Amino acid sequence: MKALIVGAGAQGLVISWVLTRSDDVSEVVLGDIDQGRLKDIVETNQSKKLKTAMVDASDTDGMARLMKDGKFDLVVNATLPAFNDNIMEACYEARVNYLDMATSEYFPGGDENIPVEELKYAKKWEEASLKGLILAGSDAGTTNVMAKEAADELDEVDSIKIKDYAITESEKPIVLWQPQTYLGDLSSPAVIWDNGYKKMPPFSGEEEYDFPPPIGCKGKVYYHSHEEPLVIPKFIGKPVKYVDFKMGEPELMLWKSIVDLGLMSEDPIEVEGKKIAPRSVFFKLLPPTPKAKELIELVKSGKLRSRLILTVDVDGKRVGKDWHYQLWTEGPDCATACERIPGASDVSSATAISGAVFSLMMLRGQVKHTGIFPPEVFDKEERMIYFKVMKEWGIKIHKRTEMIL
């Protein structure tokens, strides 16, 4: 089995590691336009299965030629969501199955029947018997599967509430996730599902939540623009009254101040006779996500400590009784993640191990669906395979249920 990974960032590093360590994967090609990042990952990975290619994610025709010539079984989109259309079009042209971890556009054309951009290709991919597993990272991705695990056991689903919380300590400014994606979501209105789609202001919906171990503390979370409330009501397989997604970290109010100052604005302002968007300046000044060797040194020196948790709370009815489900992830902290996969952080490990496990299931023919679909379509057998392999790669999913009298 052969896979092409487009994007040699934090996700590409981890996914290429997992796939090259899988006995039934014969070759992995990692593609990017940044030769420095490709070289860094190859030197860190050290697997003879790993090859590299110059890939421009904006060049649809060039990618299609590479996909046809390489006879790949799967293309993993591990680059910015802005390139989703280009990569999906290339996959369709080459008739190769596809996987991504995030979307770039909600309700394209204002159509609420198409909550994320990838779904506009659903019909022609179904007709071509192609598989496109979308939003297949940690959140969205693992969280969707966790939600389905609870919803499947209920007769009625009242609410699904998803949270992402991280604690990061660093001696200097550091970005462990694509800043364009994270800060763009943070500064945008959040869509929730409340018997229909509704938009909530950024940083609203404050809630203090008692997170289970490994975080084991209370933390404040806020509505955050994310994909789960858009797709879960459409794909969970039964009616659901309410879905939201909230995110938090101890420094979240710092990001709010940056947004309030207008630094996320795309409207140009005049500075010394030149017009420039504040957002462009801010992203230019932000450090890039660390390369593998940089992150290894930060962790070894003790200058970076970080830990992430995802939780999913589901309430509903079963046989006339009220039930509450709480599911959460237990993954490695930054130091452990980097020890297991050199150059990985807790954040890239959570997202990209999830993406890699979904990729392995696609390669192994363990995903039964065709067309374009998110992972909450998984049935019990698919979910059990997913949870088992996630555990093998160091991420456990906990599940607690209680009947409310």
Check your understanding: Does LEU13 fit the bill of being touching a residue at least 40 places away in the same chain (Cβ under 8 Å) and touching a Ser or Thr at 6+ places or on another chain (Cβ under 9 Å)?
Key -> yes
Exercise for review: Collect the residues in the stretch 318-339 that are surrounded by fewer than 16 Cβ atoms within 10 Å (Cβ to Cβ) and touching a helix residue (DSSP H, G or I) at 6+ places or on another chain (Cβ under 6 Å), keeping them in residue-number order.
Suggested key: none
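Would you point out the residue of the stretch 359-378, among those that are in contact (Cβ under 8 Å) with a residue 24 or more places away in the chain and of a type in the set (D, E, K, R), that is surrounded by the most Cβ atoms within 10 Å (Cβ to Cβ)?
Taking the stretch 359-378 as the starting set, the residues that turn out to be in contact (Cβ under 8 Å) with a residue 24 or more places away in the chain are 359-364, 367, 369-378.
Now narrow it down to the ones that are of a type in the set (D, E, K, R): 364, 376.
Working: ARG364: 15, GLU376: 27.
Looking at residues that are in contact (Cβ under 8 Å) with a residue 24 or more places away in the chain and of a type in the set (D, E, K, R), I get GLU376.
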Review point. If you go through the stretch 74-119 one residue at a time, how many are closer than 15 Å to LYS131 by Cβ and either surrounded by fewer than 18 Cβ atoms within 10 Å (Cβ to Cβ) or touching a Pro at 6+ places or on another chain (Cβ under 6 Å) (or both)?
Key: 1
Review point. Which one is farthest from the chain's Cα centre (by Cα) among residues in the stretch 99-152 that are part of a strand (DSSP E or B) and touching a residue at least 60 places away in the same chain (Cβ under 8 Å)?
Key: LYS131
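Could you grab me the full set of residues in the stretch 359-375 that are assigned to a helix (DSSP H, G or I) and either in the same structural domain as THR311 (by TED's automatic domain parsing) or touching a Ser or Thr at 6+ places or on another chain (Cβ under 9 Å) (or both)?
LEU360, LEU363, PRO375
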Review point. Could you say whether any residue in the stretch 341-355 is hydroxyl-bearing (Ser, Thr, Tyr), surrounded by fewer than 24 Cβ atoms within 10 Å (Cβ to Cβ), modelled with pLDDT of 95 or more and not assigned by TED's automatic domain parsing to the domain that holds TRP17?
Key: no
Check your understanding: Residues in the stretch 54-63: is at least one closer than 26 Å to ASP139 by Cα, free of Cβ contacts under 8 Å to residues at least 60 places away in the same chain and of a type in the set (A, V, I, L, M, F, W, C)?
Key -> yes
Study note, to complete from the structure: Cβ pairs under 6 Å, 6+ apart or interchain, first in the stretch 215-230 and without any contact (Cβ under 8 Å) to a residue 24 or more places away in the chain, second part of a strand (DSSP E or B), ordered by first then second residue, are LYS218/GLU208; LYS218/ASP210
Point to revise | All helices (runs of 4 or more DSSP H) inside the stretch 1-98 with 2 or more residues being of a type in the set (Lys, Arg) | key: 35-45, 60-70
Point to revise | Subset of the stretch 227-255 (residues that are within 23 Å of the chain's Cα centre (by Cα), modelled with pLDDT of 90 or more and either surrounded by fewer than 16 Cβ atoms within 10 Å (Cβ to Cβ) or assigned to a strand (DSSP E or B) (or both)) | key: GLY237, VAL240, TYR242, VAL243, ASP244, PHE245, LYS246, MET247, GLY248, PRO250
Check your understanding: What number goes with the only condition from (1) touching a helix residue (DSSP H, G or I) at 6+ places or on another chain (Cβ under 6 Å); (2) modelled with pLDDT of 95 or more that TRP177 does not pass?
Key -> (2)
Study note, to complete from the structure: Per the list (1) modelled with pLDDT under 90; (2) in contact with a His (Cβ under 9 Å, 6 or more places away or on another chain), residue check on THR329 breaks on (1)
Revision key, fill the gap. Per the filter on the stretch 189-210, residues closer than 20 Å to LYS234 by Cβ and of a type outside the set (Gly, Ala, Ser) are PRO189, VAL191, ILE192, TRP193, ASP194, ASN195, TYR197, LYS198, LYS199, MET200
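Could you look through the stretch 47-72, keep only residues that are of a type in the set (Gly, Ala, Ser) and buried (at least 19 other Cβ atoms within 10 Å of the Cβ), and pick out the one that is farthest from MET88 (Cα to Cα)?
Looking only at the stretch 47-72, we keep the residues that are of a type in the set (Gly, Ala, Ser), and these are 47, 53, 57-58, 62, 64, 70.
Those still in the list that are buried (at least 19 other Cβ atoms within 10 Å of the Cβ) too: 57, 64, 70.
Working: ALA57: 10, ALA64: 10, GLY70: 16 Å.
Among those residues, the one meeting the criterion is GLY70.
Need at least 2 residues that are within 19 Å of the chain's Cα centre (by Cα) per element, so show me which strands (runs of 3 or more DSSP E) inside the stretch 180-219 make the cut, counting only ones lying wholly within it. Steps first, answer last, please.
Numbers: elements: 190-194, 197-200, 207-210.
In the stretch 180-219, the matching strands (runs of 3 or more DSSP E) lie at 190-194.
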**Study point:** Odd one out for ALA78 among (1) in the same structural domain as TRP17 (by TED's automatic domain parsing); (2) among the small types (Gly, Ala, Ser); (3) over 27 Å from ARG37 (Cα atoms)
**Key:** (3)
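Kindly provide the set of residues from the stretch 279-298 that are outside any helix (DSSP H, G or I) and either surrounded by 17 or more Cβ atoms within 10 Å (Cβ to Cβ) or in the same structural domain as THR44 (by TED's automatic domain parsing) (or both), ordered by number.
As a first pass, look at the stretch 279-298 and keep what is outside any helix (DSSP H, G or I): 286-291.
Across the stretch 279-298, the qualifying residues are THR289, PRO290, LYS291.
The values are calculated or read from the model by the stated rules, or taken from the named source; none is laboratory data. These figures come from a predicted structure and were not determined experimentally. All Cβ positions, even for glycine, are placed from backbone atoms using ideal geometry, and neighbour counts span all protein chains on display.
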